[in-house]
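So the structure is just underneath, and the comments pick up after that.
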Amino acid sequence: MITVLLVVTAQPAGAAVTTVAKKLEVPWGMAFLPDKTALVTERTGRILSIKGTTVKEVGKVAVETGSESGLLGLAVSPTYATDKYIYVYYSGSEDNRIGRLKLGGTVEPIVTGIPLASVQIGGRLAFGPDGFLYASTGDATNGDSAQDLNSLGGKILRMTADGKPAPGNPFNSLVYSYGHRNVQGFAWDAQKRMYASELGQQEFDELNRIEAGKNYGWPECEGTCGNPKYTKPLVTWAVDQASPSGVAIYKNTVYVAALRGERLWKVPLKADGTAGKPAATFKGTYGRLRTVVAAPDGKLWVTTTNRDGNGGTPRKDDDRVLRTDG
C-alpha cells in the first residue's frame, strides 16, 4: 500500500493535448462504438456522438439532476453490431437506475432501486472482459448500506445484459464487491484484474484492486485500517489531491481522473498487480477531471467537469473532451 500526501507535479515532456469537443454541459460517461465513434453523456440527460470534428445529439434520457445526479455512466453492448444497445446509469425521481436503449429510442430500465441522494451515488458502467456489465454505486450518504448485502448502495454490481445477477457472483445477487463509499471509476488490466477508484470523506481517497466477494471497509475504514476483514487499498491520497473519478488502464499504467485534485494521476502497475509510485500530470491545467478512457485510436480521452457546480472554475470552452498521449 502506498500513501501519497505531497507530490511534485510536472507536465510530461512532449505530451500532446488536443481538444476533441468543447462547450459541453458536464460530460460524464464515455464509450466507443465499433466504428470508433465516441459517445458521451451529459449529466443533463443528453447523449452526444463525436466523430472527427462533428458533435451531435444522438439520444436523450429523462433524468432528475442534482449536485451529482443525472445521466452518468455509459457502456456500449459488446454485441452492438447486432443488438444496437447502449447502457446508461441515470437518476430518476426516487432511485438511480441502469437502463438500455437504442440511440434515438426510449430507455428501458433493467435495474432499479439503487439508492438516490444528491451526492455519493457512484455511476460508472462498463462491460468487463468476461462480457458482463459492471456498475458502481455509492452509499447515498448512508454508510451502513455499504455493509448491507441486501442493499444496492455502496457496491460494485455485476450483471447480465438484461440486468440479472451474473453467473458466479459471490452472493447470488447483483453484488460483486461491497464496503464502498463512492466508486466512480474502474477498469481492467491485460491480465483481467479489476481496479477501482474510491472517493473518501475527510481524509483518504483510494485505488483498490477489486476481487469478487471482498469487503473494502467503508464506513469503518477510510484508507487503510488494521482490521484484517477489510481489503487494503493499493494507493491512498489525501482528498484534496485526488477526489478520484474515472479510471483507465493505458500502457500498463492506471490513470485516475481527479476532481478536487484537478490532475490526472498515473499509477504504474507491477507484474503481480500491485502499484508502483504514483505521479501526476496536468495539475491545475484543465481543472476538475471526470472521465478518462483508453480510446481505440491509441490515445487517452479525458473530460473536464468544471461546470458541475461542485467547486470548479470554468475555463474558456468548458466543458471539454481532451485527447492526449498521457
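The values are calculated or read from the model by the stated rules, or taken from the named source; none is laboratory data. Keep in mind the model is a prediction, meaning the values are calculated, not measured. Here the Cβ is made from the backbone with ideal geometry for all residues, glycine too, and neighbour counts use every protein chain on show. The protein model used for the area step is the full one, side chains on, heavy atoms only, and it has no ligands, DNA or RNA in it. Shrake-Rupley method; radii C 1.70, N 1.55, O 1.52, S 1.80 Å.
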(request) Output the number of residues of segment 80-95 satisfying the condition of being β-branched (Val, Ile, Thr) and touching a residue at least 12 places away in the same chain (Cβ under 8 Å). (result) 2
(request) Would you be able to tell me the number of residues in segment 175-191 that are within 25 Å of residue 305 (Cβ to Cβ), surrounded by fewer than 23 Cβ atoms within 10 Å (Cβ to Cβ) and among the charged types (D, E, K, R)? (result) 0
(request) Could you tell me whether residue 248 is over 26 Å from residue 177 (Cβ atoms), among the hydrophobic types (A, V, I, L, M, F, W, C), open to solvent by less than 20 Å² (accessible area, probe 1.4 Å) and not in a loop (DSSP other than H, G, I, E, B)? (result) no
(request) Could you list, in sequence order, all residues of segment 286-300 that are open to solvent by 10 Å² or more (accessible area, probe 1.4 Å) and assigned to a loop (DSSP other than H, G, I, E, B)? (result) 286, 288, 295, 296, 297, 298, 299
(request) Determine if segment 132-141 includes at least one residue that is assigned to a loop (DSSP other than H, G, I, E, B), open to solvent by less than 60 Å² (accessible area, probe 1.4 Å) and hydrophobic (A, V, I, L, M, F, W, C). (result) yes
(message) Here are the criteria: (1) of a type outside the set (S, T, N, Q); (2) exposed (fewer than 12 other Cβ atoms within 10 Å of the Cβ); (3) modelled with pLDDT under 95. Tell me which single one residue 62 does not satisfy.
(response) (3)
